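Everything below concerns the one structure shown next.
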Amino acid sequence: MNKAKTIISPLYLCLLAVVVLPVAAQTAGYTKLNVKGRVQLEVPSDWTISDAEQRRRVKEHGEKLVGIPTLHTASFAAQSYPAPSRTMIRVSFIPMDPPITQADVQQEVQANKRQVLKDLADTWRDEAPTMWAGLAKNGVKEVGRPSFAVEPIGGQTALIISYGRTSTANPAETMRVTQYHVLLGPEKALITISHIENDQQAIAAHNRLKSSIVIR
């Protein structure tokens with residue numbers, strides 16, 4: 001899939017899922033949210049939700065870590081409360097030129113899914129060192145090996161990259177980070193969901209959050 005590099009680059013954007021900034025807690029329950037009219041999801045109302053200023057600061061911090069300007073500021077970011085966060089989600093929209101539609105992705109997957117996954121893995125291998133070098137400055141290390149998949153999320157087909165890293169709060173714990181790259185024509189929705197492995201509450205929150213997502 002020659003479009004793989006266009007679809008998932010630059011991978012150093014993953015850095016933005018590491019930076020956690022404190023915000024105020026909310027009340028109990030679930031809140032349904034709509035991000036730019038494209039991604040709908042539900043988060044527990046006692047999670048913290050970053051405002052525009054906090055998301056901008058996260059972007060700037062990520063740029064300082066790797067010394068490379070990022071292409072976007074996240075449109076939405078939230079994390080479980082209280083800190084340290086056990087589950088996080090970030091939703092970004094990245095312009096695609098040329099546009100790549102869901103039909104394009106599905107056609108290539110149907111033609112040769114194995115090649116699509118190979119291209120994803122090859123692109124990750126080429127670009128991930130930049131990300132890990134930046135994360136190392138924050139004391140974060142890779143755990144295990146990454147995995148690659150093509151699966152549905154929110155009614156759309158996503159190209160998926162999942163990897164483990166040490167937690168910024170506790171290096172003895174592993175944070176599982178899963179990126180969902182959803183091609184929507186002129187833009188890509190990049191949904192990143194992270195949770196602490198072997199934490200049943202965090203896993204349950206992750207699963208409920210993922211199942212609530214609807215992508216238009």
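Throughout, read-outs are computed from the coordinates displayed, never taken from laboratory work. Fair warning: this is a prediction, and the values are worked out from it, not measured in the lab. Glycine also receives a Cβ, built like all others from the backbone with ideal geometry; neighbour counts cover every protein chain displayed.
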Spin-label pair Ala169/Ser212, simplified geometry with 7 Å Cα→Cβ offset, distance in nm
1.9 nm
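For the pair Ser147 and Ala111, what calculated FRET efficiency results from E = 1/(1 + (r/R0)^6), where r is the Cβ-Cβ distance and R0 = 30 Å, to the nearest 0.05? Walk me through the intermediate numbers first.
Numbers: r = 22 Å, r/R0 = 0.73.
With R0 = 30 Å, the Cβ-Cβ based efficiency is 0.85.
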Surpassing 26 Å at the alpha-carbon level, of the pairs Lys32/Lys188; Lys36/Lys118; Lys113/Lys141, are Lys36/Lys118; Lys113/Lys141
